Amino acid sequence: MPKLDPTRRQALKGMGAGALAATALPRLATADPEFPPGSVIRTLSKDYAPSELAGGATLFHEHMSLRNGFMVDWMRYAGETRTANQAPGTPARPPAGAGAGAPTAAPNFLVDEDLMADEMAIAKREGIGCIVDAGHPDMGRDVGFLRRISQRSGLPIVASAGFYTQPFYPKDLGAWSEDRVFEEVMQQVRANPTGALGEIGSWDYITKDERKVFRAIARVHKASNIPIFTHTGIPGKSALEQLDILEDGGVDPHRVVIGHLGNLVDASAEIQRAIIRRGAYIGIDRQGGGGDAQVVPMIASLIAQGYADHLMFSSDLSSPREIKRNNPTGGYAKTLTVFVPKLKAAGASDVDLHKIMYDNPRRFLAFVPKIKRTT
Ligand SMILES: [Zn+2]
């Protein structure tokens, strides 16, 4: 939190943490961005005109539903990948998070409806107006569960479609044609109101099957107009190639977020700037915790260079250690309540931060539907 002057501190006395968080980034009376005529933000409850969601910040990449065992598998694959990528002779590192309190040992909070309805209600109080769930069937995302926690909390949730990364693909995806992958994702898009294609990823170095999925996703985008956000594995490695494949498939980079680029810490921000110059957004999307310190100078510098229009913040929340019930400074709003104040302290202006938290995600999510919503 930034230091408050005594008058402001007095004014905030007696207000809840939510109100304090909201004042960390006031909703400014700036003009709403222009959205394409007829565009909507497609949430599970309804299609919103983008301006209807101007009252809160939008988070473009979070997890509210994952199957039992998903994070256990995720940690195991991450550990194996790191070991495989080390030069011969270097000692193998244990998987991140191994040990007491690791997600592997905890019950899966992402199937606990009462808890998640509470977490969503708290995020809403803390200033979040809309939130995107980044899961899909191969991650065991449960659309019914997302609908219920959205209804109970009153927080609009956008559901996604796609395939995640090689280790999580259906076993026989390797044998599928690109047409088949396209049809499978189209089926997902038709089965539920779908507001985003994501997270679409490469786990490590991008594989043949992952390239096939990216080509198919470009075609789904062309057929549906739904925006795309990605997952990059080894920090930054496949970022440019992901954008290449999507662009080769005819996708306008402005409709794409290349994700997890806060994991690539580089003072010159070479890859990040290359992607921005091509017109895409970059996802700084694992924020609001220990990794912030390294990222803040790089992002503050990108903002100072005038790139705020292309930045997208979120937290990719998936660990029980990060939820409000277990961590008073955590919760789904932590991008807004924890990360944003650090950027303010590093010199970023309210106007730029407002653009990033309130406007960019709505500009990204707004699309003119080519497929009618099912329900
Ligand atoms: Zn994610």
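Derivation of every value follows stated rules applied to the coordinates shown; laboratory data play no part. As the structure is a prediction and not an experimental result, all values here were calculated from the model. All Cβ positions, even for glycine, are placed from backbone atoms using ideal geometry, and neighbour counts span all protein chains on display.
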**Fill in**
The long-range amide H neighbours of Met312, using H built 1.01 Å from N in the peptide plane and a cut-off of under 5 Å, are Ile282, Ile284
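How would you classify region 211-329 from its alpha-carbon gyration tensor, with a ≥ b ≥ c the square roots of the eigenvalues: rounded for a/c under 1.5, else prolate if a/b is greater than b/c, otherwise oblate?
Working: a/c = 2.12, a/b = 1.40, b/c = 1.52.
Oblate shape, in that a/c is at least 1.5 and b/c is the bigger or equal ratio.
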**Complete:** Output row, site Thr81, 7 Å Cα→C-beta label point, backbone N cut-off 11 Å, window region 233-257, residues 233-238
**Asked** When the distances between all Cα atoms of region 198-250 are binned every 10 Å from zero, what whole-number percent does each bin get?
**Response** 27, 60, 13, 0
**Prompt:** Looking at the chain, what % of its DSSP beta bridges pair antiparallel, to the nearest 5?
**Reply:** 15
**Fill in**
For Ile128, other-chain or 5+-apart residues with amide H closer than 5 Å (H placed, Pro excluded) are Ala57
**aspartates and glutamates with Cα under 19 Å of Lys355, excluding same-chain neighbours fewer than 8 positions away** = Asp32, Glu34, Glu52, Glu126, Asp285, Asp309
**Alpha carbon convex hull of the chain, projected area averaged over orientations, nm²** = 18.6
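Let me have the relative contact order for region 234-307, percent, based on Cα pairs under 8 Å that are six or more residues apart.
Details: 72 pairs, mean separation 23.6, N = 74.
Computed value for region 234-307: 32 percent relative contact order.
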**Asked** Straight-line reach from Lys370: which lysines have a Cα under 26 Å away, not including same-chain ones fewer than 8 places off?
**Response** Lys46, Lys212, Lys222
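Full-extension gain between Ile371 and Glu52, please, as 0.36 nm times their residue separation minus the C-alpha to C-alpha distance.
Roughly 112.7 nm would be gained on extension.
Shape call for region 118-272 from the C-alpha gyration tensor, a ≥ b ≥ c root eigenvalues: rounded (a/c under 1.5), prolate (a/b greater than b/c) or oblate?
Working: a/c = 1.83, a/b = 1.24, b/c = 1.47.
Taking the square roots of the gyration eigenvalues as a ≥ b ≥ c, region 118-272 is oblate.
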**Item:** Helix-only CD estimate at 222 nm, as mean residue ellipticity for the chain, using -39500 (n - 2.57) per DSSP H run (n ≥ 4)
**Value:** -10500 deg cm²/dmol
**Request:** Any lysines with Cα under 20 Å of the Lys208 Cα? List them, leaving off those in the same chain fewer than 8 positions away.
**Result:** Lys171, Lys237
**Complete:** Note, region 117-129: 3J(HN,Hα) by Karplus (6.51, -1.76, 1.60, θ = phi - 60°), whole Hz, Gly/Pro = x, goes 4, 4, 4, 5, 5, 5, 4, 5, 4, 7, x, 8, x
**Asked** When only Cα pairs under 8 Å and 6 or more residues apart are kept, what is the percent relative contact order across the chain?
**Response** 22
**Asked** Using a Gaussian network for the chain with springs between C-alpha atoms less than 10 Å apart, which of these wobbles most: Thr207, Thr230, Thr165?
**Response** Thr207
